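A.B. asks: Please find one structure pasted underneath; my questions will follow.
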Amino acid sequence: MTKVTISITWWTMMMNCITTLITLSSSTTFTVEAFTTFQQQNQQNKFMKSFTQQQLYRQQQQNKKHNVILFAENDTKEDVATNPFASFFSNILPKEKEVEVEVIIETEEERTLRLSLERRAMLASGEIRRAERVKEDALPYLLLFVIQFLPLIGTQRQYSILYFLGLAITTVYVGGRQEVIDKPEQVDRKSVLFAPIGASVGIGVLYILLKAGIDPTVLYAILVTLFGALAISDVTVPILRNFLPEEFGVAEIEVPEGIAKKIDLNPPTLPVDGLVTLGLGLLCTAVYWAPVAMTQKFLISNAIAWALAMTSLGAISLGSFQTGAILLLGLFCYDIFWVFGTDVMMTVATKVEAPIKFLYTAPTVTEDKYPFSVLGLGDVVIPGLFVRFMSKVDEVLKPGVVSYFNAATAAYAVGLIICFGVNEITHSGQPALLYLDPACVGTALACGAVNGQLQEVWNFEEENEEEEELA
């Protein structure tokens, strides 16, 4: 820290102004030559002041790592001696007034350390909020855990429907309420307009590769499981904090100095809870890649898919109601076309094996039949983003009759039940978004009408980070 003390003889500057005005007002003695001399002196004084300021700045930079005291004075002793007015006022006015200004100048190392500590403090506060929200939603999380035992009870169709309904609806609910540390990234209308096109290109490429005899499953699954390990590490921190002692959430491990320097870690410590959950994520990935049949490890695949769903719901924001409606409309058309119009969706869903879907063992398995019932990850995440957005609408509009979030969650449940009902009747794959998207958007607009806030809902937009900072 550099401490700078500035001593200013303010009365001297006042005297200069007074005597200058008096001299200018004396027209009988004011000549062109005197004016020229005055200008030259004035320019010289300005130059000397500027030079003095530059010298002070250089001295400050040279001593920025030490505690030093610098004095900047407006030295006008010659003016006092030669000017009778200045001499007179100098005897009756205070001699000097010292103003001390403390300036803190950080080195780059100090700044890096400060930012790192601030970031860690923010993370610690965020993790506390996340753990508290998990505690509030203890029953839904308990339900998610309990339904994982349904495959032990039986593989009949009713069990698989019950499993998918419980897993999807509960995930949408807790994912819509979860606390996040970093602000989610808002999508814009241009992005959502191209979302169906991008999704179509992706699924089309996978289909072409499969038909050409090229199986992209391994590479695709490696990428997904790596992201899945990180997702598990993130979403399980607040869950474990509610089961383990308080010390688990605050304990840290010292990192060897050499490693800390290589990874630019300052302070050289890592949180125990983050390391434990990262190890849990890597363990799930290792089990997924174990050389055993998928029918024996599909619950691990579901766990990775669930973590990816929760992370996606917390990392993405729709930004506005109209943007969300456009996204759901576009993917509504996408899902209908690829499911009813072609065999692309069914081929990719059953041939590409990766944790991007929820699985449940089918009751009867033959060699030519896929051994699982399937619910796509997108059928949870896409409507789930809209349901989570409605919780933001609740916070701002504060509806007096019906909660937008609760109504959207119920609409998602009804839409999914109808989807499974039609599937049972027709015995053919159904595009879930055909039922989920209209249910969610339609219910939100209906609630807006009931609450007398239809226009506010339709025009609702979240404030982005830049607008909040400006405000």
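The values are calculated or read from the model by the stated rules, or taken from the named source; none is laboratory data. These numbers were taken from a predicted model, which means no experiment stands behind them. Backbone-built Cβ (ideal geometry, glycine too); neighbour counts: all protein chains shown. In case anyone asks, the SASA skips ligands and DNA or RNA and just uses the protein heavy atoms, side chains included. Shrake-Rupley method; radii C 1.70, N 1.55, O 1.52, S 1.80 Å.
A.B. asks: Restrict the check to region 393-401 and report whether at least one residue is within 23 Å of the chain's Cα centre (by Cα) and buried (at least 22 other Cβ atoms within 10 Å of the Cβ).
C.D. replies: Yes, because at least one residue in region 393-401 is within 23 Å of the chain's Cα centre (by Cα) and buried (at least 22 other Cβ atoms within 10 Å of the Cβ).
A.B. asks: Moving on to the next point. Can you confirm whether residue 246 is open to solvent by 90 Å² or more (accessible area, probe 1.4 Å), closer than 30 Å to residue 138 by Cβ and not hydrophobic (A, V, I, L, M, F, W, C)? Step through it out loud before you land on a result.
C.D. replies: Numbers: open to solvent by 90 Å² or more (accessible area, probe 1.4 Å): yes; closer than 30 Å to residue 138 by Cβ: yes; not hydrophobic (A, V, I, L, M, F, W, C): yes.
Against the criterion (open to solvent by 90 Å² or more (accessible area, probe 1.4 Å), closer than 30 Å to residue 138 by Cβ and not hydrophobic (A, V, I, L, M, F, W, C)), residue 246 qualifies.
A.B. asks: Checking the conditions here, which among 325, 315 is under 23 Å from the mean Cα position of the chain (by Cα) and under 20 Å from residue 119 (Cα atoms)?
C.D. replies: 315
A.B. asks: Looking at region 110-124, is at least one residue more than 27 Å from the chain's Cα centre (by Cα) and at pLDDT 80 or above? Can you show your working first?
C.D. replies: Quick first cut of region 110-124, residues more than 27 Å from the chain's Cα centre (by Cα) only: none.
For region 110-124, residues more than 27 Å from the chain's Cα centre (by Cα) and at pLDDT 80 or above: absent.
A.B. asks: Do we have residue 303 as of a type in the set (Gly, Ala, Ser) and either buried (at least 22 other Cβ atoms within 10 Å of the Cβ) or within 21 Å of residue 377 (Cβ to Cβ) (or both) here?
C.D. replies: Judged against the criteria, residue 303 is a match.
A.B. asks: Could I ask something else about it? When the residues of region 149-194 are narrowed to those that are among the polar types (S, T, N, Q) and farther than 22 Å from residue 419 by Cβ, which ends up surrounded by the most Cβ atoms within 10 Å (Cβ to Cβ)? Please lay out each step first, then the result.
C.D. replies: First, pick out the residues of region 149-194 that are among the polar types (S, T, N, Q): 155-156, 158, 160, 170-171, 178, 186, 191.
Within this subset, residues satisfying the condition of being farther than 22 Å from residue 419 by Cβ are 178, 186, 191.
On the way: 178: 20, 186: 17, 191: 13.
Selected residue: 178.
A.B. asks: Given (1) free of Cβ contacts under 8 Å to residues at least 24 places away in the same chain; (2) in contact with a Gly (Cβ under 8 Å, 6 or more places away or on another chain), identify the lone condition not met by residue 432.
C.D. replies: (1)
A.B. asks: Can you give me the ranges of the helices (runs of 4 or more DSSP H) entirely in region 229-274 with at least 3 residues that are at pLDDT 90 or above? Break it down stepwise before answering.
C.D. replies: Details: elements: 237-241, 247-250, 257-262.
Answer list for region 229-274: 237-241.
A.B. asks: State which residue is least open to solvent (accessible area, probe 1.4 Å) when the search covers only region 203-226 and only residues that are closer than 19 Å to residue 290 by Cβ and hydrophobic (A, V, I, L, M, F, W, C). Break it down stepwise before answering.
C.D. replies: So the first thing to find is which residues in region 203-226 are closer than 19 Å to residue 290 by Cβ, and the list is 217-226.
So of that shortlist, the ones also hydrophobic (A, V, I, L, M, F, W, C) come out as 218-219, 221-224, 226.
Numbers: 218: 88, 219: 117, 221: 1, 222: 70, 223: 90, 224: 20, 226: 98 Å².
For region 203-226, the residue satisfying everything is 221.
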